[in-house]
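Enquirer: Please see the structure below; I have some questions.
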Amino acid sequence: MLTTSLALGGGLFAAGAAAAADTPASGVSAVVQNTMLGEMIDVQGKGAVEGGLFTLKTAAGEKLQTYCIDFDNPVYLDSAAKYHEADWASSSLNSNANAPKIRWILENSYPQVNLKSLAAAIHVDSLSDEDAAAGTQAAIWKFSDNKTAVPRNDDAKKLRDYLISDMNKGVAAEPKPSLTLTPDSVSGKSGSKLGPFVLNSSANEVKLAVSGDAADKAKLVDKDGKPVNGALAGPIAKDTQLFLDVPAGTSDGKATVNATADANVLSGRVFMSDLDARGRHSQTMILAGSTKVSVAAAAGAAWKQGKGALVDSSAKVECAKNGVTVSVANSGDEAATVTVDKQQVTVQPGKTESVLVKVAEKAKYDIKVSGPNGYTNEFTGVLDCKVGVTPSSAPTTPAATGTTTAAPSGTPSTGAGQPAPSTTSAAPGTGGLAQTGANSNTPLLAGIAGALVVAGGAAVFFLRRRGRHGGNAA
């Protein structure tokens, strides 16, 4: 998870780059719901857990179903954990050679494939939603967390065995994001093309608009300088570049590039949690079935006349490098001295410098950037790149170590029709407690629904549920 917070000074120009700082630039956001669909699963070395499908809900009420790919981490239901769509490179899938096998499972199991077809594939008379969800989750855990997980229900076990068999050849390609627009902000001189903004989307059409100062003058253009009049038709090419063309003589100002779409969030997209109010980070999930949602993204732009350094910064979690890469661009005509997490770097005019800030796994980071004309920026989050590492109750930022490498000028920072879920029936000995990644014998935390206990890296939490016959249990 990466959050940008710009606290800028130095007048109109410095504030301009933050025009879209509070607007998501990377796909769908949603909140985990207090429900689960699944059954009991025996996990070698971890005991009995209850695993299956979670539900995330967007602000517009759209529901997304997800499986866990992060067994040893909890889900903080007491704070209604917020999730955002993310690329594989910023998650544990970045270095997981079995990621294609996980995607194959998603494409060839529940809820993407109907129950009748799944039952035929594993040669059983019928298969329930709970059986299918538990069998699918157990299969995913083999490839996401290297866990030997076996559902207690025979039909669910047969599905799990089928999904991890030689039938699974993998699906190599990572699915496209729903909608991303990066970096968060750019700057430059009037009389130039500001950017590039890099657009990626699975939508058939992306609507684009410019708002703010001189919106009637500043025009959005493509990489060839051709005007983009209101929309781009799909399929959207990978890393489509857009620029804001600001006419010469335009007074100092700022604007926002807005992108909206009705897009399919594709199965296999990763969802990672934001930090909650107590600084906690919930387990990573993966989308179970493609769902159409309305999504928006925005990015800021600022320009000025006259001489001087014009600095912007962006950040990208890079799991393969065990840290966060901060890129600092200078679109002005004077060199800029910029501090990134206490490291100084000089950025020449028209150049971009990158600083890698090393972060310990599951540690919280807070990277501050400062530069000329009162420019400041801040990137916060938790590095969540590996499975089998349980976060501490109070994660801290390690001492940063960074290296700088020159990048070419203008190099951009690059950064779900599912059924409504029923919920699990209570298994013997659970006392009505639904779980995932948790031992069934873990003691309960006294308190209200949504509280959890972390014991030996396993989470226990309360979930509302419905049994197979539709009865409700608290």
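The values are calculated or read from the model by the stated rules, or taken from the named source; none is laboratory data. Every value quoted in this text rests on a predicted model; they were computed, and no experiment measured them. Cβ placement follows ideal geometry from the backbone for every residue including glycine, while neighbour counts extend to all protein chains displayed. All accessible areas refer to the heavy atoms of the entire protein, side chains included, with ligands and DNA or RNA removed. Shrake-Rupley method; radii C 1.70, N 1.55, O 1.52, S 1.80 Å.
Enquirer: In segment 50-68, is there at least one residue being touching a Cys at 6+ places or on another chain (Cβ under 8 Å) and either on the phi < 0 side of the Ramachandran plot or surrounded by fewer than 18 Cβ atoms within 10 Å (Cβ to Cβ) (or both)? Quick ask: steps written out before the conclusion?
Expert: From segment 50-68, those touching a Cys at 6+ places or on another chain (Cβ under 8 Å) are 51, 54; that's our starting set.
Narrowing further to those that are either on the phi < 0 side of the Ramachandran plot or surrounded by fewer than 18 Cβ atoms within 10 Å (Cβ to Cβ) (or both): 51, 54.
Within segment 50-68, one or more residues are touching a Cys at 6+ places or on another chain (Cβ under 8 Å) and either on the phi < 0 side of the Ramachandran plot or surrounded by fewer than 18 Cβ atoms within 10 Å (Cβ to Cβ) (or both).
Enquirer: Within segment 270-307, which residues are part of a loop (DSSP other than H, G, I, E, B), open to solvent by less than 10 Å² (accessible area, probe 1.4 Å) and in contact with a helix residue (DSSP H, G or I) (Cβ under 8 Å, 6 or more places away or on another chain)?
Expert: Hits for segment 270-307 are Thr284, Ala288, Gly289.
Enquirer: When you go through (1) open to solvent by 40 Å² or more (accessible area, probe 1.4 Å); (2) under 23 Å from the mean Cα position of the chain (by Cα); (3) under 30 Å from Asp245 (Cβ atoms) one by one for Lys193, which number turns out not to apply?
Expert: (2)
Enquirer: Continuing with this model, one more query. Does Gly253 meet the test of being touching a Pro at 6+ places or on another chain (Cβ under 7 Å), surrounded by 15 or more Cβ atoms within 10 Å (Cβ to Cβ) and farther than 19 Å from Thr182 by Cα?
Expert: No; evaluated as a whole, the condition is false for this residue.
Enquirer: Given the criteria part of a loop (DSSP other than H, G, I, E, B) and either among the aromatic types (Phe, Trp, Tyr) or farther than 30 Å from Gly51 by Cα (or both), does Lys254 qualify?
Expert: no
Enquirer: Oh, and also: Looking at Tyr110, is it in contact with a Leu (Cβ under 8 Å, 6 or more places away or on another chain) and open to solvent by 20 Å² or more (accessible area, probe 1.4 Å)?
Expert: Criteria not met by Tyr110.
Enquirer: Find the residue count for segment 189-214, including only residues that are assigned to a loop (DSSP other than H, G, I, E, B) and either among the acidic types (Asp, Glu) or closer than 30 Å to Leu287 by Cα (or both).
Expert: Here the count works out to 4.
Here is a yes/no grid of residues against (1) open to solvent by 30 Å² or more (accessible area, probe 1.4 Å); (2) part of a loop (DSSP other than H, G, I, E, B); (3) under 21 Å from Lys304 (Cβ atoms); (4) touching a strand residue (DSSP E or B) at 6+ places or on another chain (Cβ under 6 Å):
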{"site": "Thr325", "(1), (2), (3), (4)": "no, no, no, yes"}
{"site": "Val328", "(1), (2), (3), (4)": "no, no, yes, yes"}
{"site": "Asp333", "(1), (2), (3), (4)": "yes, yes, yes, no"}
{"site": "Val345", "(1), (2), (3), (4)": "no, no, no, yes"}
{"site": "Ser354", "(1), (2), (3), (4)": "no, no, no, yes"}
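Enquirer: Regarding Leu53, is this residue under 17 Å from the mean Cα position of the chain (by Cα), of a type in the set (A, V, I, L, M, F, W, C), modelled with pLDDT of 95 or more and closer than 19 Å to Leu287 by Cα?
Expert: no
Enquirer: What tally of residues in segment 74-103 results from selecting those that are within 17 Å of Met36 (Cα to Cα) and more than 9 Å from the chain's Cα centre (by Cα)?
Expert: 9
Enquirer: For segment 91-118, enumerate the residues that are within 22 Å of Ser290 (Cβ to Cβ) and small (Gly, Ala, Ser).
Expert: Correct list: Ser91, Ser92, Ala99, Ser109, Ser117.
Enquirer: Please tell me if Thr240 is surrounded by fewer than 24 Cβ atoms within 10 Å (Cβ to Cβ), modelled with pLDDT of 95 or more and either more than 21 Å from the chain's Cα centre (by Cα) or farther than 27 Å from Glu62 by Cα (or both).
Expert: yes
Enquirer: Within segment 60-75, identify whether any single residue is assigned to a helix (DSSP H, G or I) and either over 26 Å from Tyr162 (Cβ atoms) or out of contact with any Gly (no Cβ under 6 Å at 6 or more places or on another chain) (or both), and answer yes or no.
Expert: no
Enquirer: With the checklist (1) at positive phi; (2) over 25 Å from the mean Cα position of the chain (by Cα); (3) buried (at least 17 other Cβ atoms within 10 Å of the Cβ) in hand, flag the one item Leu220 doesn't pass.
Expert: Of (1) at positive phi; (2) over 25 Å from the mean Cα position of the chain (by Cα); (3) buried (at least 17 other Cβ atoms within 10 Å of the Cβ), only one is false for Leu220: (1).
Enquirer: Of all residues in segment 146-188, which are in a loop (DSSP other than H, G, I, E, B), within 19 Å of the chain's Cα centre (by Cα) and either surrounded by 20 or more Cβ atoms within 10 Å (Cβ to Cβ) or charged (D, E, K, R) (or both)?
Expert: If we filter segment 146-188 for residues that are in a loop (DSSP other than H, G, I, E, B), which is where we start, we get 146-148, 152-153, 164-178, 183-184.
Narrowing the set further to residues that are within 19 Å of the chain's Cα centre (by Cα) leaves 173-178, 183-184.
Matches in segment 146-188: Glu174, Pro175, Lys176, Pro177, Ser178, Pro183, Asp184.
Enquirer: Quick test of your reading of the structure: Asp184 fulfils all but one of (1) out of contact with any Phe, Trp or Tyr (no Cβ under 8 Å at 6 or more places or on another chain); (2) more than 20 Å from Ala261 (Cα to Cα). Name the failing condition by number.
Expert: Condition (2) is where Asp184 drops out.
Enquirer: Identify the residue in segment 20-44 that is at pLDDT 95 or above and of a type in the set (D, E, K, R) and, among all such residues, is most open to solvent (accessible area, probe 1.4 Å).
Expert: Asp42
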